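Input: a single structure, listed below in structure tokens.
The values are calculated or read from the model by the stated rules, or taken from the named source; none is laboratory data. The structure presented is a predicted model; accordingly, all values stated were derived computationally and were not measured. Positions of Cβ are generated from backbone atoms using ideal geometry, with glycine treated the same way; all protein chains shown enter the neighbour counts. The area values use the complete protein model at the heavy-atom level, side chains included, leaving out ligands, DNA and RNA. Shrake-Rupley method; radii C 1.70, N 1.55, O 1.52, S 1.80 Å.
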Amino acid sequence: MPDETRETLRQYVQAAREEVEPAPGECPGNAAWIDYHRKRLSPEEYERLQSHLVRCPACRETLLDVADFADPGEDPPADIDREWGALRERISPRRRASAPAWQWAAAAGVILTAGLTTTWIWRLQNTLNAERTALVRLEEQLRELRRQTLVARADNPQTNLRLFDVFPAGTETRSRAEGALTRVTVPPTAPFALILSGGGLPRLPPYGVVLKEASGRVIWESDSVPRDDRGNFVLTFPAGFATEGEYDLDVFGTSGSNRRRLARYSISIGFSPGRPDH
Amino acid sequence: MPGSVQSARPLADIIRELKDRHESAANFRLIFDRYYGQVFRYFQRKGVAPEDCRDLAQETFLAAYTGLPTLEHEEHFEGWLFGIARNTFRNELDRKLAHKRAGVHVIPIKSKEPAADSLAGEIEDRSPATDVMKGILDRERFERLTAAFREMPRQMRRCLELRVVEDSSYQDIATIMGISINTVKVHLHKAKKELQQKLSPYFARLEV
């Protein structure tokens with residue numbers, strides 16, 4: 001008899017559970033979980049919610065959060081009167097006392113000074129506006145340059161990083177003309193970055209990415225891949241990360257408690273002789 | 001709690017008056033006194049620094065005050081307030097994450113074969129011509145395990161499921177099941193013994 005790994009047992013128990021425990025059904029609201037945690041339910045209702053919990057990861061997470069919220073503990077290290085005072089300021093308009101005469105005089109002085117300085121500032125502003133227009137133009141040029149030379153990590157830029165735009169299989173892009181396979185040709189010792197075009201993909205954060213070989217073997221995966229402001233996913237590969245061959249990158253989004261595949265990107269990595277990187 | 005004003009009035013009455021914007025500040029103070037510690041501790045237990053806990057608690061109560069007219073059932077106030085605190089915490093988390101770098105670094109993981117989603121999937125994928133005996137054995141083991149499962153007391157079975165399938169900690173299982181950690185340990189110990197007794201010819205080693 002083979003040695004049972006924990007993973008094998010997990011798969012058996014999971015399958016057996018689906019036979020024994022009813023499917024979870026609709027998720028109860030927060031109030032129900034507070035009542036469950038405080039044991040304020042009838043035995044039948046308690047049993048129904050417990051059965052739901054065993055099969056529903058989202059509600060388990062809610063219940064653990066409810067425990068953090070509802071469990072008693074020490075008084076917070078905060079002066080509640082002061083905290084209430086701060087909140088009170090924000091929820092109700094402050095009653096204004098009439099200002100004393102010296103404050104009116106001071107205000108008049110301020111207004112007069114402001115009037116005089118306004119003329120001077122107006123002149124300065126004309127000069128500044130012309131310079132600002134020139135600056136905006138320069139910034140636009142700089143942004144364009146940055147876009148063209150985008151590197152995956154702004155905090156640790158690598159000047160020798162090669163960038164490849166990758167488009168999902170089935171989109172009308174230049175990769176389609178090449179059989180939806182983006183060729184990534186790099187020297188074996190060079191790091192590179194893939195910019196997975198995600199412009200048309202729905203917004204379903206958090207996003208996950210799985211990188212697989214053609215055989216299906218997973219060589220990298222992450223459940224929290226950020227999406228940049230253009231909707232793309234930037235992955236930086238260290239030098240010597242992968243061997244030559246074809247790979248699939250699946251991007252997943254999260255819809256409720258389900259993980260949903262949003263796109264598949266197919267790449268073919270090939271090595272060029274190239275100059276070794278230093 | 002220093003300076004707190006305890007009220008004997010039912011919470012639902014206070015909330016109803018608040019929704020009508022009657023004596024808003026005075027009534028909301030009663031709510032604030034009653035729940036401030038709870039909201040503060042929630043953020044604290046989430047690992048937020050005390051200074052930030054104060055800010056997040058302020059945001060929570062401000063949102064509660066503003067949103068009170070939309071609360072449908074007064075008796076669900078606590079759950080509703082919990083929802084606001086949870087969203088406030090998640091927004092804070094999103095805000096912090098947004099400050100992190102835009103890309104991720106790919107670090108290869110150890111070899112991992114594509115995992116079967118379920119036992120059924122694993123059996124179906126296997127070619128009957130090459131692995132008939134293994135398939136029959138798998139089916140029998142599955143049936144034995146399911147039968148042992150059905151016979152197990154419900155609470156014990158659920159503890160086992162949470163431990164083995166969900167990889168939950170003892171503490172989390174205790175919270176989810178509403179029992180003590182010691183009871184969880186006893187259940188798991190008994191479940192392991194019971195399964196070993198009933199399934200030893202089918203499973204060489206059961207690790208729970």
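Of A:Ile195, B:Ile181, which has the most accessible area and how do the rest follow, probe 1.4 Å?
On the way: A:Ile195 15, B:Ile181 60 Å².
Output order, biggest surface exposure first: B:Ile181, A:Ile195.
Counting Cβ atoms of other protein chains within 10 Å of each Cβ in A:60-68 and taking the mean gives 6. Accessible surface comparison of B:Ile14, B:Ile179, probe 1.4 Å, protein chains only, largest first: the order is B:Ile179, B:Ile14.
How much accessible area is lost when chains A and B come together, counting both sides, with a 1.4 Å probe, in Å² rounded to the nearest 100? Approximately 7900 Å², summed over both chains. Overall form of the range A:179-226: prolate. Here a/c, set by the Cα gyration tensor axes a ≥ b ≥ c, is 1.5 or more, and a/b is the larger of a/b and b/c. Residue by residue along B:160-169, Cβ atoms of other protein chains within 10 Å of the local Cβ number 5 on average. With a 10 Å cut-off around each Cβ of B:46-56, the average count of Cβ atoms from other chains is 2.
Computed with a 1.4 Å probe over protein heavy atoms only, the accessible area of A:Trp122 comes to about 150 Å².
The range A:259-273 and the range A:1-64 have Cα centres separated by 37 Å.
A 1.4 Å probe run over the range A:182-223, with the rest of the protein chains in place, finds 40 Å² accessible per residue. Accessible surface for A:Asp79 stands near 80 Å², nearest 10, in the context of the full protein assembly shown (1.4 Å probe).
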